[in-house]
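Here is the structure we will look at.
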Amino acid sequence: MNGRFAIGTGLLVAVGVALIGVGLFRPWGLPDPHESIQAHHLQHFFLVSAGGLLGIALARFLAGDKTPDRDRERWLVPAILAPVGVMFAMWPTTYPYIEAIPLLHATEHGVFIALSALATFSAHRFARPIGWLLGGFSAAMALASSLGFGVAPGPSPLIAAAEAAQAATAETADPEALYIQNCAGCHQPEGAGLPGVFPPLAGNVPSLLAAAGGRDYLKLVLHNGMQGPISVGGQAYNGAMPAWGQLGDEQLAALLNHVSTSWGNQLPSGQEPFASTELAAARAEGLTPQQVQQLRQELDVP
Amino acid sequence: MAATVDLTEVRTTGPSDVMEGRRVMRLYLATGLTVAVLLMLAGLVMRMAQAGWLGLDPAFFYSLLTLHGSGMITALVLCGMGGVWYLTRRETPMSARLALWSYGLIVAGVALVVLATMLGRFAATWTFLYPLTFVNPTWPNWATGAFLIGMVLITVGWMLWCIQILEAVLRRYGGFRGALGWDLVFHPKAFKESGREPPPPQMLAATVTSFNGLFAASAATLIGVPLVAHWLDPAIVIDALWAKNVTYFFGHQFANLIIYMLVALVYVGLPRYTDRKWKTSTVLVLGWWGTMTFILLNYSHHLYLDFVQPGPVQLLGVMASYLSAIPVAVVTVYGGLMLVWRSGMRWALGSIFMYAGLTGWILGGVGALLDAAIPFNVVFHNTLWVPAHFHGYLLGASFLFALGWVFLMLEERSRSHTSLATRWLVSGTVLGGIALFLMSFYAAGAAGVPRRYAVEPEPGPILAGWGSVGAIVLIVGLLFALGEGVRLWRAGRVTVPVERQPGVAVEGT
Amino acid sequence: MSLQGNILLIYGILVVLVLAVVVTIARSSVGAPVDYARVQTRAYALRRTWFWFLLGAVILAFVVTIQFLPYGAAEASGEATRYTVIARQYSFGGLPEVIPLGVTVVFEVTATDVNHGFAVYDPKGNLEGQVQAMPGYDNHLELTFDERGLYEVRCLEYCGINHHNMRASFEVR
């Protein structure tokens, strides 16, 4: 290979090694990767960039500036899959043992450099400009990951504020208004539901209350939500009901009493109206929506 | 009126290579157009449901909508890929095997999307906007995975095509400098004196779409991998605003590139109905530089109503959206109109559809520009105005470009010609149907009827009725077109003149 | 007429203009062809004018439309009445029953689960304004209601299979 080509290759190696140094030793006040996932992604961005340059350098070193080989198509497989692999390697779950065992951590960093180098090496073997392009895209993806992959703002403070405000007004909440605001969107203002989509409450709640375990089921469904296929009055439903645990026990009791006594519904004889204390007791039983659906399947209802 | 077809501008490496290119193109076009027409039927079903003519369970409506969106985009992308592949293959050798791999990966991806939506009732719509894919899904978990993996396969197939086309044009024209016509613009005298030719217009389309396509593929990977990771481990958090930006960058790029790929067929096809040529000029090159830049920068017009987005990004979206109209209006459509003006053009179905498509591009574009003004977007966002303008681009332009090209090929090789009556019948029903269909969307959008509503508030249903009528007329027209196409095909073949060898100077090119 | 009605009218006029041009050019092509070189000379000159006209229109449109941005309006409105709106599948929480006429209000909109759209329709059914409701972010929409009556709120970002039923309402008086 001629002089200029050799110098160019050497330069790539030098910059690549320098970028690894920047990633590992963080000069110029770059953030500590242990501080946050964002900082960690940034470190990986430097390693991916470095790997990309080293991959091109290696390809140049091995092939010289000759034209690419005839069987170059097979290089496209790693060329395309390796950048996807780089993105998977940005998987942000923290593994404690990676922190505890330095060799594992070093291996993880080695994986970034190796995958990125493989991407650009293979792409370069296919066609030189493609090597540069895929290297650039891999680095850009690694950098962009730090803005949202594994990092997200928590729920808006407005939500907690609204829930606190709602809990504070629990005693004065009108059950009808609570129902319209929270339940009518799916179950409809008259409790008719949407056939095949959202089960009816009118005519249905009394059967649930009458069945053994039905009253408990109603409390659990409000606290935990429900998801999965059920049958109501011979009609199949396969939807998802969100959990309503953010409403206070007072409000949930008011709602249950409302749906048990509206639209022709009546509480079965011998059953008292729902009290907030029994809702509070049911809240402790944290189930998944799928487990609640299981309970529903076990009820003996039409 | 030009009565014969001039094939002398075909530059190839030999007749058998052209055949190979044609076979790949036919595979892509046939698949793409078939899927597109099937999904038009799905679209009709949805429009009729919105009109109240059919009762559809909302879960099915939304999963059909998801299939329609993902499937149509992919089908039209396939048409564009096939067309550009063929046109590039005429200029330089490329491996058909890679083209078949791209095709296979995309078809496999589409199959998974069909399974996810029709069997699994996956219903997150084609924009699969995080976190909707994962929150309270009314479909089984496997369907989410199937859809995401299907999109990954489509992305990989697409990336393969982009790399192949880009490598081919860079090799053929001497890097980005040659492929993008740098010297023609900045050293015109030296360039002319050297006797070199700039890449033909369709090759500029190939360069820009394959290069920008890699941006789309990277964005797809950037959002796809985190979504798959979340699917496998729901503990992984993703920033919803970041996800929205990346998702719309990918979707916007991918959908935009459809029309810019298919216009390559118009650059080559429309002149064949005249005795004029569409050549690369400095203005054409500058236009494509503009397109390349602006369609990368204007994706943020999908996020105007996220007030938390940085202000400069919003303004850039506006400016880049407006500017992206200029290359279309000044270079491509204007060039097409110039080609037709007092040309003695032969008006066969091929040229009718291509010309109508250029018109559709302008009309869809005006709708888009109006929506791109932020104060107007406030009242149009997520109403039916949005599908109005993008169906203008996809149905009223891209689909017509592909259809026109198919008729061009049929007409060139057929002993028969389409009668005047048939031309009026086919173009009247197809174009009339499209017009009525689009008008119903525009009117509904102006009335504030929301998009993606299984059940619409008035005046949605009544306008959906008109839209359904338009779609039915369109589909009937396409059946007429199919009949005419088959008739041309079976009317016997014309002997095609022997194509010239490369390197031989051909007059008039 | 509403803003949208006016825009549709403008659009209609532009459609007619474009079709007129397109049809005229198509009709010119019937009959004997004219030498292309002559066509090109005149067309290129016209194109230069067309380009500058479009560029001017673009810049004008940009300068004019950025005077009417909805961003920052909420922050600028100081003492406006603020309502927190929490969107979730499939309801809007926090809307008051009554909003005073002619008063500037700011809706601080967020979501608990997925992307929703908070869109306000006036009593005549015209879409007045909208903003996205996103999990983890607050968007502030500033509106002033000048008409008495029942306003409808609809969800305008697809949020699941009951998206089309997700709505709320308030009265202005």
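Things to note:
- Dipole size of the protein assembly as shown about its Cα centre, with +1 on Lys/Arg Cβ and -1 on Asp/Glu Cβ: approximately 5320 debye, rounded to the nearest 20.
- Shielding of C:65-78 by partner chains, average beta-carbon count, 10 Å: 4
- Chain C: calculated mean residue ellipticity at 222 nm from DSSP helix runs of at least 4, using -39500 (n - 2.57): -12000 deg cm²/dmol
- Spacing of the modelled spin labels on C:T144 and A:E272, each 7 Å from Cα toward Cβ, amounts to 5.6 nm.
- DSSP assigns beta bridges within chain C; of those with both partners inside it, close to 70 percent run antiparallel.
- The angle between the Cα long axis of helix B:141-173 and the main principal axis of chain B comes to about 20°, on a 0 to 90 degree scale.
- In terms of its Cα atoms, the range B:15-490 spans 65, 50, 44 Å along the principal axes, sorted from long to short.
- For chain C, the longest principal axis of the alpha carbon atoms and the long axis of helix C:3-28 meet at an angle near 20°.
- Available extension along the chain between A:A160 and A:S231 is 22.0 nm, counting 0.36 nm per residue and deducting the alpha carbon span.
- Neighbour counts of other Cβ atoms within 10 Å put B:Y62, B:Y393 in the fewest-to-most order B:Y393, B:Y62.
- GluC sites (Glu not before Pro) within the range C:36-106, DSSP loop, no more than 16 other Cβ atoms inside 10 Å: C:E79, C:E97
- Per residue of C:82-93, other chain Cβ atoms within 10 Å of the residue Cβ number 5 on average.
- With the helix formula -39500 (n - 2.57) applied to DSSP H stretches of n ≥ 4, chain A reaches a computed 222 nm mean residue ellipticity of -19500 deg cm²/dmol.
- Between 0 and 90 degrees, the angle of helix B:460-490 with respect to the longest Cα principal axis of chain B falls at about 30 degrees.
- As a proxy for reagent exposure, B:K244, C:K124, B:K277 were ordered by neighbouring Cβ count within 10 angstrom, fewest first; the result is C:K124, B:K277, B:K244.
- Per-pair calculated FRET efficiency, R0 = 45 Å: C:E75 and A:F25 via Cβ, rounded to 0.05: 0.60
- Here is the size of the range C:3-68 from its Cα atoms: Rg then Dmax, 16.8, 51 Å.
- With N counted as the residues of the protein assembly as shown, its alpha-carbon radius of gyration over 2.2 N^0.38 Å works out to 1.00.
- Under the span-like rule (Cα at least 27 Å along the axis, Kyte-Doolittle mean at least 0.5), DSSP H helices of chain A: A:3-25, A:37-63, A:102-126
- Net charge of the neighbourhood of B:L65, taken over other residues with C-beta under 12 Å away and scored Lys/Arg +1, Asp/Glu -1, is +4.
- Each semi-axis of the equivalent ellipsoid for the range B:33-82 is √(5λ) with λ an eigenvalue of the Cα gyration tensor; in descending order they amount to 24, 10, 6 Å.
- Pairwise label distance in nanometres, B:K192 with B:A30, each label 7 Å out on the Cα-Cβ vector: 4.7 nm
- Prolate/oblate/rounded call for the range A:185-233, Cα gyration tensor, a/c under 1.5 rounded: prolate
- Whole-angstrom gap from the range B:381-437 to the range B:136-207, using each part's C-alpha centre: 26 Å
- Residues B:I236, B:I352, B:I165 arranged by fewest to most Cβ contacts within 10 Å: B:I236, B:I352, B:I165
- The alpha-carbon positions of the range C:73-172 define a convex hull whose volume is 81 Å³ per residue.
- Separation of the range C:77-138 and the range B:240-259, taken as the distance between their Cα centroids, equals 27 angstrom.
- Neighbouring Cβ atoms from other chains, within 10 Å of the Cβ of residues in C:15-22, number 4 on average.
- Cα centroid separation, the range A:109-136 to the range A:214-272 (Å): 57 Å
- Rounded if a/c under 1.5, otherwise prolate or oblate - chain A, Cα gyration tensor axes: prolate
- Counting only residues at least eight positions apart within a chain, or on another chain, the lysines with an alpha carbon under 27 Å from that of B:K277 are B:K189, B:K192.
- Net charge, C:N115 excluded, C-beta distance under 13 Å - Lys, Arg +1, Asp, Glu -1: -1
- Beta bridges assigned by DSSP with both partners in the range C:73-172 are antiparallel in approximately 70 percent of cases.
- Each Cα pair of the range A:157-298 feeds into the Kirkwood radius, which the Stokes-Einstein equation turns, at 10 °C and 1.306 mPa s, into a diffusion coefficient of 103 µm²/s.
- Förster-model FRET efficiency, 25 Å R0, A:Q291 and A:Q188, C-beta, rounded to 0.05: 0.40
- Geometric descriptor of the range B:120-201, per residue, is 121 Å³ (volume of the convex hull of the Cα atoms).
Read the figures in this text as sums done on the coordinates, not as results from a lab. All figures in this text were calculated on a predicted structure; none of them were measured in a lab. Please note: Cβ atoms are built from the backbone with ideal geometry, for glycine as well, and neighbour counts cover all protein chains shown.
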